[in-house]
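This report concerns only the one structure given below.
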Amino acid sequence: MSETTLKHRLRSIVETNKTRQGAVFQALIQVLIVLSIIAFTIETLPGLDEEVRLALRYFEIVVILVFTLEYLSRLYVAQNRLAFVFSFYGIIDLLVILPFYLQLGLDLRSLRVFWFFRLFRLFKLVRYVDAAKRMARAFQMVRVDLAVFGMGAVLVLYLASVGIYFFEHEAQPEVFASVIHSFWWALATLTTVGYGDVYPVTMGGKIFTFFTLMIGLGVFAVPTGLITMALVNTRKADLGESESDKLP
């Protein structure tokens, strides 16, 4: 078998689900990602039996070996290997496997931060789930609108902090000691969470809180509408492509 033929067959497995082997491979990777996240969660349980920990450790090794083979296979079949290494998914794949090898022979207690990188497997799952791909494309479509609205939300957060400080500082000097101290109240109120640990006692502060709550409803309603619209458009585009593929 020539190298070109080998690359073509390997690419049909690791980069597409249109072949039977590719569909099985992607299903296997999805299952391993989900199981590895479950195993990671179980590892955090206190008083876990040593045999269970050992079994989870062996499972982790198997998962990393599979992910390593997947990464090397993708690197091998990539038309531009450097572009793949520095692509979003290439970086995610590397962050998933690299911390494991960095921990070998070292004191794991000082490297527990690498546990966090195991959560990157959830990002890795995006590659294989069509709904997640549509979500990613939807965010890509409205990224500029979300960035502009995000800056506006930060401005509203600051104005809310200044406003409540103006109304409540004299009545509650310890709670609203400064504009910076007021940020927590502004964040909890604008998100309409309202933990109740910090609240206004003056009439002016209560009226200001009412308007802040109304603004908070709009702050989160607008980006939700933008994302929903983008998802609908993405779904329509996918259905259109599916229908065109069926045409003779």
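Read the figures in this text as sums done on the coordinates, not as results from a lab. The structure presented is a predicted model; accordingly, all values stated were derived computationally and were not measured. Backbone-built Cβ (ideal geometry, glycine too); neighbour counts: all protein chains shown.
Suppose the chain between Leu48 and Lys206 were pulled fully straight at 0.36 nm per residue; how much longer would it get relative to their current alpha carbon spacing?
Residue separation times 0.36 nm, minus the Cα-Cα distance, leaves 51.9 nm.
If the chain between Val148 and Ile37 were fully stretched, how many nm would it gain, using 0.36 nm times the residue separation less the Cα-Cα distance?
36.5 nm
Run the quick spin-label model on Thr68 and Ala221: label points 7 Å from Cα toward the beta carbon, then report their separation in nm to one decimal.
5.4 nm
Given segment 143-246, report the % of alpha carbon pairs whose separation exceeds 21 Å.
The answer is 46 percent, as a whole percent.
Could you check the simple spin-label distance between Thr16 and Leu213, using points 7 Å along Cα→Cβ, in nm with one decimal?
It works out to 5.6 nm between the two label points.
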